[in-house]
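Chemist: Below are the structure tokens for one structure; questions will follow.
The values are calculated or read from the model by the stated rules, or taken from the named source; none is laboratory data. Quick caveat: nothing in here was measured; it's all calculated off a predicted structure. A quick note on method: Cβ atoms are made from the backbone with ideal geometry, for glycine too, and the neighbour counts reach across all protein chains shown.
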Amino acid sequence: MAFETLLLAMDERIATIVVNRPDKRNALNATVRREIVEALGALREEREVRVVVFTGAGDRAFVAGADIAEFAERTVVEQRGVMEARTLFEEVAACPKPTIAMINGYALGGGCELALACDIRVAARSAKLGQPEVKLGLLPGGGGTQRLPRLIGTGQALRLLLTGELVDAEEAYRMRLVDVVVEDAELTARTRELASAIAAHSPVAVERIKDAVRASLEMPLSAGLAHEREAFLAAFGSDDGREGIRAFLEKRPAQFQGH
């Protein structure tokens, strides 16, 4: 697929989506948002792709936020129409394949929200993260007030949301905003190592693990346990489940096919 604002590469069961607007610090405009949704739609159908990695072009920014100039002249009615459509953040969160944010610089505002919508966040040591919308007299509109407290707790989330301060990768790791921190030069290698480890497993099991964990954020425990049971049974009855058990008993590597 050809894109105006993205680079898309697929290699060894890993798809990498690169936001390619380095002159704008990879800010999210309407074209980027639309193209990410289109790319994810296409990748859903690619059976060989088992993990999706998001990153930004260059070494200055993952995504430095929304393109403010684009919505500066919109009316409230126009902005409501944009926001009531299904957003790229919802599409990323709903992607059945595991998603990894490879944070290679500033991840601010919508960039931080993109990282929050991913399943796993790997940050370069020089990365900076934050939700500075309050400095514009605004608040996050892509899930920042909802996903951030679920991830790092109410107090820490409010600290970032109400002050607009940025945190470096080490502090982001301490507050559980990112999951892995590596030296800048090791970012790509460590992210691909993690993605490859996931991609080696059964897509059936991986998708159901992701679904069950996501469901746990929306359900009471009893309903979540019932959901987990059904997910287990679906994996248990799959060809991959049968293959995994046989391979274990036969002491050989499993050959998972994704069904």
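Chemist: Does at least one position in segment 108-131 carry a residue that is surrounded by fewer than 19 Cβ atoms within 10 Å (Cβ to Cβ), of a type in the set (K, R) and in the same structural domain as D179 (by TED's automatic domain parsing)? Steps first, answer last, please.
Modeler: We begin by selecting, within segment 108-131, every residue surrounded by fewer than 19 Cβ atoms within 10 Å (Cβ to Cβ); these are 125-126.
Checking the rest, the ones that are also of a type in the set (K, R) come to 125.
From what's left, in the same structural domain as D179 (by TED's automatic domain parsing): 125.
Yes, that holds for at least one residue.
Chemist: Against the condition surrounded by fewer than 17 Cβ atoms within 10 Å (Cβ to Cβ), under 22 Å from T99 (Cβ atoms) and either under 23 Å from the mean Cα position of the chain (by Cα) or among the β-branched types (V, I, T) (or both), how does V213 come out, does it pass? Give the derivation first.
Modeler: On the way: surrounded by fewer than 17 Cβ atoms within 10 Å (Cβ to Cβ): yes; under 22 Å from T99 (Cβ atoms): yes; either under 23 Å from the mean Cα position of the chain (by Cα) or among the β-branched types (V, I, T) (or both): yes.
It is true that V213 is surrounded by fewer than 17 Cβ atoms within 10 Å (Cβ to Cβ), under 22 Å from T99 (Cβ atoms) and either under 23 Å from the mean Cα position of the chain (by Cα) or among the β-branched types (V, I, T) (or both).
Chemist: If the requirement is being farther than 27 Å from A185 by Cβ and either touching a Pro at 6+ places or on another chain (Cβ under 9 Å) or part of a strand (DSSP E or B) (or both), which of these qualifies: R47, R80?
Modeler: Result of the check over R47, R80: R47.
Chemist: Considering only segment 92-163, give the helices (runs of 4 or more DSSP H) lying wholly within it that have at least 2 residues that are more than 25 Å from R60 (Cβ to Cβ). Explain how you work it out, then say what you get.
Modeler: Values: elements: 110-117, 144-152, 154-163.
Answer list for segment 92-163: 144-152, 154-163.
Chemist: Looking at segment 217-229 only, could you name the residues that are part of a helix (DSSP H, G or I) and either touching a residue at least 12 places away in the same chain (Cβ under 8 Å) or not hydroxyl-bearing (S, T, Y) (or both)?
Modeler: Within segment 217-229, the subset part of a helix (DSSP H, G or I) is 221-229.
L221, A223, G224, L225, A226, H227, E228, R229, listed by residue number.
Chemist: Among the residues of segment 27-44, are any over 18 Å from D119 (Cβ atoms), in contact with a Gly (Cβ under 8 Å, 6 or more places away or on another chain) and assigned to a strand (DSSP E or B)?
Modeler: Yes, some residue in segment 27-44 is over 18 Å from D119 (Cβ atoms), in contact with a Gly (Cβ under 8 Å, 6 or more places away or on another chain) and assigned to a strand (DSSP E or B).
Chemist: Can you name the residue in segment 219-242 that is of a type in the set (A, V, I, L, M, F, W, C) and under 24 Å from Q255 (Cα atoms) and, of all such residues, is surrounded by the most Cβ atoms within 10 Å (Cβ to Cβ)? Step through it out loud before you land on a result.
Modeler: Restricting attention to segment 219-242, the residues satisfying the condition of being of a type in the set (A, V, I, L, M, F, W, C) are 219, 221, 223, 225-226, 231-236.
Those left that are additionally under 24 Å from Q255 (Cα atoms): 231-236.
Values: A231: 20, F232: 15, L233: 12, A234: 15, A235: 18, F236: 14.
Of everything passing the filter in segment 219-242, A231 is surrounded by the most Cβ atoms within 10 Å (Cβ to Cβ).
Chemist: Return yes when T163 is modelled with pLDDT of 95 or more and β-branched (V, I, T) and no when it is not. Even if it seems obvious, please write down each step before you answer.
Modeler: Values: modelled with pLDDT of 95 or more: yes; β-branched (V, I, T): yes.
Here the answer is yes, as T163 does meet what is asked.
Chemist: Additional query: Quick check: is even one residue across segment 193-200 over 18 Å from P98 (Cβ atoms), more than 15 Å from the chain's Cα centre (by Cα) and not in a strand (DSSP E or B)?
Modeler: Pass one, segment 193-200, residues over 18 Å from P98 (Cβ atoms): none.
No, the conditions are met nowhere in segment 193-200.
Chemist: Going by what's in this entry, would E170 be described as surrounded by fewer than 16 Cβ atoms within 10 Å (Cβ to Cβ), within 20 Å of the chain's Cα centre (by Cα) and either closer than 30 Å to A235 by Cβ or not β-branched (V, I, T) (or both)? Even if it seems obvious, please write down each step before you answer.
Modeler: Working: surrounded by fewer than 16 Cβ atoms within 10 Å (Cβ to Cβ): yes; within 20 Å of the chain's Cα centre (by Cα): yes; either closer than 30 Å to A235 by Cβ or not β-branched (V, I, T) (or both): yes.
For E170, the condition - surrounded by fewer than 16 Cβ atoms within 10 Å (Cβ to Cβ), within 20 Å of the chain's Cα centre (by Cα) and either closer than 30 Å to A235 by Cβ or not β-branched (V, I, T) (or both) - is met.
Chemist: Where residues in segment 173-190 are touching a helix residue (DSSP H, G or I) at 6+ places or on another chain (Cβ under 6 Å) and within 14 Å of N104 (Cβ to Cβ), which of them is surrounded by the fewest Cβ atoms within 10 Å (Cβ to Cβ)?
Modeler: Within segment 173-190, the subset touching a helix residue (DSSP H, G or I) at 6+ places or on another chain (Cβ under 6 Å) is 175-178, 181-182.
From what's left, within 14 Å of N104 (Cβ to Cβ): 178, 181-182.
On the way: V178: 25, V181: 21, V182: 17.
Looking at residues that are touching a helix residue (DSSP H, G or I) at 6+ places or on another chain (Cβ under 6 Å) and within 14 Å of N104 (Cβ to Cβ), I get V182.
Chemist: Same structure again: How many residues does segment 34-57 contain that are surrounded by 15 or more Cβ atoms within 10 Å (Cβ to Cβ) and either among the small types (G, A, S) or touching a Ser or Thr at 6+ places or on another chain (Cβ under 6 Å) (or both)?
Modeler: Here the count works out to 6.
Chemist: Only residues that are over 17 Å from A199 (Cβ atoms) and acidic (D, E): list them for segment 233-257, please.
Modeler: Scanning segment 233-257 gives D239, E250.
Chemist: Say we look at segment 52-77 and pick out the residues that are in contact (Cβ under 8 Å) with a residue 60 or more places away in the chain and part of a loop (DSSP other than H, G, I, E, B); which of these is nearest to L129 (Cα to Cα)?
Modeler: G65
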